[in-house]
Amino acid sequence: MRIIKYPHPTLRHKSKPLRKVDAELKQMIREMFELMYEHSGIGLAANQVDLPYRMFVMNTEGDPTAKDLEHVFINPVITKRKGRGEDSEGCLSFPEIYASVSRPTEIVLEAYDLKGELVRYELNKLSARAVQHEIDHLDGTTFVDRLTPAALMEVRADLDELTYIFQRDRELGMYGSDEEIAARLAELERLRT
Ligand code: ZN
């Protein structure tokens, strides 16, 4: 498992809800946490590790010893949104790119946990922002899609650089064609969604 970077096509994939959590999926979630900590992230969505599943992991401290802050959200839905605020965001799929994003500041999140139980959280500040950023990933949307034209212009050169690296790696055979990637995602979806 590895973190894929912009403009990998899986980052544009809109994921379908999971209908089962099995041992293999739990192992994937464990690996997602490890990758997230390794890269000093606070959240990681399944798309970012090339999986078409509606789930993400989060630890707003990014601290592997803070187990009480470790969360897995399966089939998450935001049921309420309130307020609006701007703050800087980054993303493990856009290394070293940071930009200010406007979002609701308070949300209510409903999701399933690993035990299959429905959980409900009222969130604000960083956790509300992180959850919205991750759910965006599950819909194939990235934080860069939410920038103002002026903010987008500021990161344009960095995005071009990532595009260049992706195309170069693709020519080296690191990724399949768009068709091969889509076929693999469809096969994974068939198993669990
Ligand atoms: Zn992200």
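Out of everything in region 65-90 that is within 16 Å of the ligand (Cβ to nearest atom) and among the small types (Gly, Ala, Ser), what residue ends up being surrounded by the fewest Cβ atoms within 10 Å (Cβ to Cβ)?
Per the criteria, the residue is Ser88.
Using beta carbons and a limit of 8 Å, which pairs, at least six apart or on different chains, have the first residue in region 24-36 and surrounded by 13 or more Cβ atoms within 10 Å (Cβ to Cβ) and the second one among the basic types (Lys, Arg) and outside any helix (DSSP H, G or I)?
What qualifies is Leu35/Arg2.
Would you mind stating whether Lys67 is at pLDDT 95 or above, under 25 Å from Leu123 (Cβ atoms) and basic (Lys, Arg)?
Against the criterion (at pLDDT 95 or above, under 25 Å from Leu123 (Cβ atoms) and basic (Lys, Arg)), Lys67 does not qualify.
Working only within region 91-145, note down all residues that are of a type in the set (Lys, Arg) and surrounded by 15 or more Cβ atoms within 10 Å (Cβ to Cβ).
The answer is Arg103, Arg129.
Filter region 1-36 down to residues that are under 16 Å from Phe94 (Cα atoms) and hydroxyl-bearing (Ser, Thr, Tyr) and give me whichever is farthest from the ligand (Cβ to nearest atom).
Out of the qualifying residues, it is Thr10.
So which pairs qualify, if the first residue must be in region 56-75 and under 17 Å from Asp113 (Cβ atoms), the second must be in a loop (DSSP other than H, G, I, E, B) and of a type in the set (Lys, Arg), the Cβ gap must be under 8 Å, and the two must be at least 6 apart or on different chains?
Matching pairs, first to second residue: Ile74/Arg54; Asn75/Arg54.
Can you tell me which residue within region 166-182, out of those that are within 17 Å of Gln48 (Cα to Cα) and small (Gly, Ala, Ser), is surrounded by the most Cβ atoms within 10 Å (Cβ to Cβ)?
By that ranking, first place goes to Ala182.
Mind counting the residues in region 50-94 that are more than 30 Å from Tyr175 (Cα to Cα), touching a strand residue (DSSP E or B) at 6+ places or on another chain (Cβ under 9 Å) and assigned to a loop (DSSP other than H, G, I, E, B)?
Number satisfying all stated conditions: 4.
Among the residues of region 91-104 satisfying the criterion of being within 10 Å of the ligand (Cβ to nearest atom) and among the hydrophobic types (A, V, I, L, M, F, W, C), which is farthest from Gly43 (Cα to Cα)?
Filtering region 91-104 for residues that are within 10 Å of the ligand (Cβ to nearest atom) and among the hydrophobic types (A, V, I, L, M, F, W, C), the one farthest from Gly43 (Cα to Cα) comes out as Phe94.
Which ones in region 1-37 are among the hydroxyl-bearing types (Ser, Thr, Tyr) and either touching a helix residue (DSSP H, G or I) at 6+ places or on another chain (Cβ under 6 Å) or assigned to a loop (DSSP other than H, G, I, E, B) (or both)?
Across region 1-37, the qualifying residues are Tyr6, Thr10, Ser15.
Going through Val119, Val144, Val108 one at a time, which residue ends up being aliphatic (A, V, I, L, M), within 13 Å of the ligand (Cβ to nearest atom) and either under 24 Å from Ser15 (Cβ atoms) or modelled with pLDDT of 95 or more (or both)?
Val144
Tell me, which residue of region 38-49 that is part of a helix (DSSP H, G or I) and surrounded by 13 or more Cβ atoms within 10 Å (Cβ to Cβ) is nearest to the ligand (Cβ to nearest atom)?
The extreme case among them is Gln48.
The values are calculated or read from the model by the stated rules, or taken from the named source; none is laboratory data. Quantities reported herein were computed from a predicted structural model and do not represent experimental measurements. Positions of Cβ are generated from backbone atoms using ideal geometry, with glycine treated the same way; all protein chains shown enter the neighbour counts.
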